[in-house]
Amino acid sequence: MILIGLGANLDGIYGTPEQCLKHCTELFSSQDIKVIKFSNIWKSAPVPVSDQPWYKNAVCLVETDLNPHELLATLAKIENESGRTRNKQNEARILDLDLLSYNNEIIEDDNLHLPHPRMQMRAFVLYPLQEVAPNWVHPTLNKSVDKMVDEMPKGQKIEICQ
């Protein structure tokens, strides 16, 4: 099971953040990444808290023949081609794509950490993850998605987009 987290809080070449996330299915398809399931889009306050616009977030379940490092590079390419800039940590962004899990592989090297090291602390990952992979279990924490939701830090502001 390959899981990708998506987020955006700035308008870009594909329109609003929500439009950009929806367009990612086409962007992924053009790179031989097949979307199997796409969560609802959620609206969440920035983490850490700031005066940035709220984010739109989603998680998708995909299939691809790309290996984890190739997939990470492809996601970065899609971000860059979408107009993403990287000037400082936690800045507002046109598109943010995170490889959350790749077939439960555990990887820690200079370029890639799998599963994503902070996913269990983020409502904007866990709530959409519940939709696309409710039975997924974190391979290093050995916790279900529901258990991680119960244990995540409180006070994160998130709501489903209508």
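No value in this document is a laboratory result; all are computed from the given coordinates. No experiment lies behind these values; they were computed from the predicted model shown. Using ideal geometry, Cβ is built from the backbone for each residue, glycine included, and neighbour counts are taken over all protein chains shown.
Hey, what did the chain get for relative contact order, percent, Cα under 8 Å, at least 6 apart?
Reported as a whole number, the value is 29 percent.
For the stretch 2-160, rounded, prolate or oblate, judged on the Cα gyration tensor with a ≥ b ≥ c (square roots of eigenvalues), a/c < 1.5 rounded, else prolate if a/b > b/c?
Here the stretch 2-160 falls in the rounded category.
On a 30 Å Cα-Cα criterion, which of the cross-link pairs Lys88/Lys143; Lys22/Lys154; Lys88/Lys154; Lys43/Lys143; Lys77/Lys147; Lys56/Lys77 come out too long?
From Lys88/Lys143; Lys22/Lys154; Lys88/Lys154; Lys43/Lys143; Lys77/Lys147; Lys56/Lys77, over 30 Å: Lys88/Lys143; Lys77/Lys147.
First measure r as the distance between the Cβ atoms of Asn87 and Asn135, then evaluate 1/(1 + (r/R0)^6) with R0 = 35 Å and state the FRET efficiency to the nearest 0.05.
Efficiency at R0 = 35 Å is approximately 0.35.
Evaluate the stretch 58-144: find the radius of gyration of its Cα atoms, find its Kirkwood radius, and give the ratio Rg to Rh.
Working: Rg = 13.4 Å, Rh = 14.1 Å.
Using Cα coordinates only, the ratio equals 0.95.
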